[in-house]
Each structure stands twice: as C-alpha cells, then as structure tokens.
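Read-outs: derived from the displayed coordinates by stated rules, not from any lab. All of these numbers come straight from a predicted model, not from anything done at the bench. As a convention, Cβ positions derive from the backbone with ideal geometry for all residues, glycine included, and neighbour counts pool all protein chains shown.
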Amino acid sequence: MKKSFSKTIAVLLAVLMVVCSLPMTVFAAGESRSNVQLQFGTYFASGADTHQTYVDENYSGFGDSGLNTAKLDYDKATGTITEASSGHTYGVGDFFTVSVLLENTSSLAASQVGIKYSDNIVPAAVGENQDGLTALLPATEVTSPTDGFAPNEAITDQSGNAIYNTASSTVGEISYIDADKNTMWANFAVQDGTDAVNLTAPKTVGVNTFTKTAVLATFGFKIVGEGAVTFSLADSKDVDSAYYVETIANGGKVEEYKTYTQTNYDGSTALDFMNNNENIESTKYTVKFVGADGTVISEAQYTEGATVTVPDLPKAEKISDTQHNTYAWDKEPVLTATADATYTAVATAEEHKWNAGEKQDDGSTLYTCTVCGATKSETAHVHSWGEWTYNNDAVYVSSKNYKDGTATRRCDTCGETETKTIEGTGLLRVNTVSVELAAAVVLRPGFAESRAAKFDETYCVIDYAKGKEQHYTLKDYKAVGTNRSYSFDEIAPKYFDEEVTITMYGVKDGIVCKGHSLNYSIKKYLYNQLKKNPSANMKKLLIETLYYGDADQTYNHMPNTLLSDLTEEQKAIHTLDVPTYTKITHKIDNPTGNDIADWKTVSLELSGAVYVKYKVEVPKTANLDDIDFHFVIDGVDTVVNHKADPDLFELTSTKNTANNAYFVTYKGMASHQYSVPINAYATGADGTQISKTLVFNAESYALSNAYKGDHTLALLVDQMLRYGRANIAYRANPNA
C-alpha cells in the first residue's frame, strides 16, 4: 500500500482492535454480504468509436472515460470484453477502463481491495508521447502525463476520495497500480472528520447511478497479448487483501463499527468477489485431453469458472520423405470450466517445411524441416531463375508512412524462391490531379519527378467505363514544375460525373510494378474549384462546363446528374442567351493550280473533345503517306500525316471511282478558338501545295447543323459555344 493509506487504515483498525478489545469480526449473511464488483468502460464518449487505440493532440474526450461512459460487457467465463452497441470484441491494441465497486454497502469508513490482473494487459495513461502529442498510451511510454490520468494511478475524478471527499479530503490519491506484481489497489479512507460516507442515497457518476455502492477507483489498461483478460483477488487467503470498515449510524460509537473481510481468520467467507465465493463448494467439471492414439494426455477436475490448463499437443513426427503429421485439438479448448469436456488430438499430414539449408563440406546442402526435424540432402546446382514478378504488396498510408513492395522469382529446377524489395513502389501513385478546360476537358494526373527517378520507365493507366470498360495507357508526359503531367482527353461531357481509376506503373530492371490506384472525376474537380472562391471569370467557366456536360447528357437521353449540388446563386451565373455565331467557310485557290487533293466536307465531333473532321479525296494513284495535311489556326501550323498518325485517318465512300476518300481528324483547336478560322491545305512529298486552301471555323458547322429539327442538339451546340465564350473571357482576364 501507499504510505498515506497505510497510516489511515492503521489508525482506524487500531481504534477497532484496541479500543473495543475485539478481533476483526464478520457480519455477513444472505443479501447483506458485500461484493467487490468490476465495471468496464471506455476512454471515449458515448457514440464515439470506443475501440480506437489512439487519439490525436486535438482530442478532448479523456474526460468522458470510464464511469462517464456506458458499460462494456465482461464475460468471466471466457475473459472477453465486448461493446454491445457496436458488437466489437476488445483485442490486442485496445484500451479500456476498470472501475472497482463495493456493492451492498450502506456506509464506508475505509477499504482496501487488491486485485491481480492477467499478464496480457498493462496499465495505461494519458500524456505526451515521443512525438510530443497528447495520446492514450501504455503507462511506461507516457511523458508529461495529463492531469488526472497519471501512469499507474487511478483516474482522479473517478476515485473514491475524489467522489466522496472532494471538499475536505486530505488522503490524496491512495489508489494505485503495482505494475511489477500485476496488482491494482483500490483504496479508500475517510479523513474529513466524519464517521463514514453514507451510501444509501443514489449517487450519480457520469452516466451511471449507484445505490448502496461505493465507487473505490477507476484504472486504465491496454490489451497487449492474446487470450483471456482475467482478474482475481490478490490473495484470497489474506484478510488484508480485501476488506472494508463500515458504520451503522452517523456519529455511532466505536463498538458500532462493522468490519467485513473476504476471509475471516476461522476460514469463513464474508466478502464476495464479482459475485463469486471461492470458499463455498461449487460445481466441479472434468476436462480430459486425449491423444490421437486414444491415450489420455491429461485429466483434471476444475471448479466452475476456473482456468483450464491445456497440455501441449504431441510434437510433429515424420511419416515420409515429403510429409509429417502435425496435431491439433478436434475443437478449440474452452479456457474456463463451464461443463465436462473431452478434447482429442487429430493428426494431419502436411508437407515438410524446409529451412534455408546448410552447406556441407562435400558441396551438398543439408535441409532440416522446421516442424518435425526431418532432414534431406541435395547436391548443389546452378539455379535456373524465372522472371521476376512484382507481388503488388506495397503499402501506402501517407507520403511519410508507406512501405515499398517486393518482387519474387523462382528456380525452375528446385523451386527455391528469391525475393527483393523494389525501391519506390510505396510512393508509386499519382500525387496531383488537375483538369485543363480546353477544346477537350483534359484530365491531367501528375507524378513527382523525384518518385519517377526510382524507375527506368513510368506510365499512367486510366480505367474508364464509358459504357464499357476500357483501358488507356499514357506514356507521353510534359514536365510541369517538379511533376510529370499526363494528359487524358477521352472524357466526353456526358461522362463528367463518371469516376476514372488512375494507376501509376513503374518499370525497374524489366519488372513491371503496379502502383496504388486513385479514383477521380471531372465533376469532383469542378466542384472542388468552386469551393475555393475563384474569380468571377473562373467561376463562370466552371459553371458553364457543368452545364455543357448537362446538355450532352440531355442530348444522349441520360440522367442529368451534374447540376444537383449547385447553389441557386451559382445556377444564376449560367445564362440562356443564344450565342452569336461567326460563319466562315470558303476556299482559296491553289497558287500552283495542281489540285491533287480535293476538300469535300467539314464536320465536328462532339462526343468527347471538339475535333474537326475533314473529308478529302485523293487519286488512287497517289501515295497517301507522301501527303502532308496542314491545319493553321492563330498562326500555329499542325501537320497530319497518314504514315505518322494512321489513327487520324478513316477510309470512307466516294462516288468518284478514280479516287479514295478519307476523313482526316484535326485535334488542335481549343475551346476559345471556335470562331477562329482554320486554314487547311495539302502539300506533296516535295513540299509544294497540292490543294486549295479551305477556310473554316467551328461555329460554321454549329450554325448549319444545330437547328435541323433536333432541339437537344441545338441546346448542346449553344452550350458548347457558351463554354467556349466563358473560356475566352477567362483567358483574357483570369483574375476578373
């Protein structure tokens, strides 16, 4: 005991024993007998995640611990603690509190209860951890403890002296944990001039109300090992391990004191522990353990609720050069005696588990089975290694908390494997995602150059359903600051709300490593930008982009999902004005007069990016690979050649049997250039012009096609131009 409590108890007992000249006596019968009860609680407020194992420096819920929270359920038979509200069973890493209560007690002068706890729990406390943050930790790891939650001490405001003697007690914190002996001491003594604390009136502590019950102390623990969490009196045969002194009337005489002890000197019992009286004959159960051959390994009788001793299973034994027998009980042994039980060892044949082997003087390798001890010898050989395969086992929590993955290869001859760590795989994930609002709405995943330097090659893979699952591999990138920026322009406006999965891949020494995936959508980006209070022009562009996708969903008869989270104020920024179209469509004669290529029609592709599609005819005798098609807009000349970009050419029909006709796709127009003229012409292998110059702009197509009876197409084209106009305004003055 602590010194202050020892002195207090010594004085009280001296008065009882010397003044009365009586031995310590027992008054206990039937319901009047007192019971030492344990109540389990959490370190968190009701409704919180009560089985968390730590909190951050801003958490303030420690005051809601223990008796301030709802009870946890404790099963004495199995030694398990559960939380009824969530169904969580407490295990390794979880924290909980134990409150020691003295039930069936009308008044209390002093008490002492010593309770031993199992080896798989340790005292817990609150204070600074090694990072200087306030946290819930094992008591041995706490520095600068938080007031009221000191290591190996009771929780201050839930100890008896704090609850009953708040105003005048001079006892101090007399309840404590002796961690070396796995014992918690719940102690109490009145030192405020009164005979005792009256416990007949209900007493409320936190969310709990107690009647005829003394709240002695509340302690904190952490579970650090598997198995049952158990408690028992420090010494069931020692009267000093659990007793209390009680008065039957306020101001009563000394001889009116009553003393209850767990065990009287004559062996009779006067104080129960968790409603269990160890000295009263209880039910006995026989528990037997039998070997696989039928022989009895052990057999013993146990008192109900006692801990069952489980013998060791038979050792594994070799049965062939490739196998051994291992043993397990036919059912999981119950660790506390609740019924007669028989457990039988069952043999299971398993493959030998060979160790790494030891080289012998003759050059062979001796292998030993780590389970049964069997050995085998193999002559050394040159491994025939297969390809390295990435195990996809990297772990990413944050940029400072991650673990690199591994790759494994196998010898084709002997089956031996070799594993190595692939540096950089723990951070193999996109670290930025942005969106460029151009002719196409371009998704731009970013990967840090410092991370890419760990690999020989990196590339980005986009998984995009778009009605059916499709995979896009992006290997080309631009250096933007310290990042590699990839471009994905396949997301049509109608799919702005669909998430794409972005995965980085890295290649190191020929090993392809798959990184961590990230899900993202254009809608998510647009709404995130709106939350950042952008400039008026930027806000207008973001909102018109959302309406552009909404119009495309309407045109394609899809559910409209893009505008649901816009505020009325944001919706008011969108305008329904019909844009003024600028029409430009004519041809300029070829100076050479040698018109081998002939422009026929021009159209727009609106399903994704806004691309211009030209229909051109060339003689069948001409070599298409020798022709360069030039598209000039705002002084930028984009050359499209069939040999270099075959995907931009599509063979189509023509009435002229001497010619071949193709659709040629031009992707260089941005949304702010819908009204800007595009000059298209062709040149031959020697660089001379071989076609007229076709002058065209996107709005010419819109003007001629938007109002052909399809109202939804008209709305889509109008909104496409509103989006373009908003982009022009933003580019002219981003800060306006």
Which entries in LYS583/LYS692; LYS181/LYS288; LYS359/LYS403; LYS583/LYS615 show an alpha-carbon gap greater than 24 Å? LYS181/LYS288; LYS359/LYS403
Relative exposure of THR218, THR458, THR582, judged by other C-beta atoms within 10 Å (fewest first): THR582, THR458, THR218
Give or take rounding to whole Å, what are the principal axis extents of the alpha carbon atoms in region 387-532, in descending order? 58, 34, 26
Would you mind computing, in nm to one decimal, how far apart the modelled labels at THR338 and LYS400 are, each placed 7 Å from Cα along Cα→Cβ? 4.6
Relative exposure of TYR581, TYR730, judged by other C-beta atoms within 10 Å (fewest first): TYR581, TYR730
Protection proxy (average C-beta count within 10 Å per residue), highest first, orders 481-490, 303-312 as 481-490, 303-312
Semi-axes (Å, rounded, descending) of the ellipsoid equivalent to region 455-552 per its C-alpha gyration tensor are 29, 17, 10
For region 585-696, count the residues as N, evaluate 2.2 N^0.38 Å, and divide the Cα radius of gyration by that value, please. 1.01
Proximal lysines to LYS524, defined as alpha-carbon separation beneath 24 angstrom and excluding residues fewer than eight positions away on the same chain: LYS466, LYS468, LYS478, LYS494, LYS532, LYS539, LYS540, LYS571
At 20 °C and 1.002 mPa s, grab the translational diffusion coefficient of region 538-632 from Stokes-Einstein with a Kirkwood Rh over Cα pairs, rounded to a whole number in µm² per second. 121
Counting only C-alpha contacts under 8 Å and six or more residues apart, can you give the relative contact order of region 343-483 as a whole percent? 11
Report the Rg/Rh value for region 65-121, based on alpha-carbon coordinates and the Kirkwood definition of Rh. 1.01
With the Cα gyration tensor of region 281-380 in hand, convert its eigenvalues to equivalent ellipsoid semi-axes via √(5λ) and list them largest first in whole Å. 41, 12, 9
What length, rounded to one decimal in nm, is gained on full extension from ALA292 through to SER450, with 0.36 nm per residue of separation minus their alpha-carbon distance? 50.8 nm
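Please give the contour-minus-distance gain from LYS514 to VAL92: 0.36 nm per residue of separation, less the Cα-Cα distance, rounded to one decimal in nm.
148.7 nm
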Positive end of the charge dipole of region 446-605 (Lys, Arg +1 and Asp, Glu -1 on Cβ, about the Cα centre): tell me which of LEU546, GLY481, HIS586 has its Cα farthest that way. GLY481
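List MET669, MET274 from most exposed to least, where exposure is judged by having the fewest other Cβ atoms within 10 Å.
On the way: MET669 26, MET274 15.
In order of increasing Cβ crowding within 10 Å: MET274, MET669.
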So how strong a dipole does region 585-696 carry about its Cα centre when Lys and Arg Cβ are +1 and Asp and Glu Cβ are -1, to the nearest 20 debye? 380
Length released on extending from THR419 to LYS376, taking residue separation times 0.36 nm less the Cα-Cα span: 13.1 nm
Let me spell out the model: positive unit charges on the Cβ of Lys and Arg, negative unit charges on the Cβ of Asp and Glu, origin at the Cα centre of region 387-532. What dipole size does that give, in debye rounded to 20? 660
Please list the non-local residues whose amide H lies under 5 Å from the amide H of ALA374, H modeled 1.01 Å from N, same-chain partners needing a gap of 5 or more. CYS369
When the Karplus curve 6.51 cos²θ - 1.76 cosθ + 1.60 is applied with θ = phi - 60°, which whole-Hz ³J(HN,Hα) does each residue of region 407-416 get, with x for Gly and Pro? 10, 10, 10, 10, 6, 5, 8, 10, x, 5
Could you derive backbone 3J(HN,Hα) for region 334-343 from the dihedral phi with the Karplus parameters 6.51, -1.76 and 1.60 (θ = phi - 60°), listing whole Hz in sequence and x where the residue is Gly or Pro? 7, 7, 10, 6, 10, 5, 4, 8, 10, 10
Along Cα→Cβ, 7 Å out, is where each label goes; now give me the distance between the ones at GLN470 and THR638 in nm to one decimal. 1.8
Find the Cα radius of gyration of region 404-454, compare it with 2.2 N^0.38 Å by division, and give the number to two decimals. 1.87
Taking the Kirkwood radius as the inverse of the mean 1/r across Cα pairs, report the Rg/Rh of region 586-652. 0.95
Separation of the GLU499 and GLU304 label points, Cα + 7 Å toward Cβ, nm: 5.4
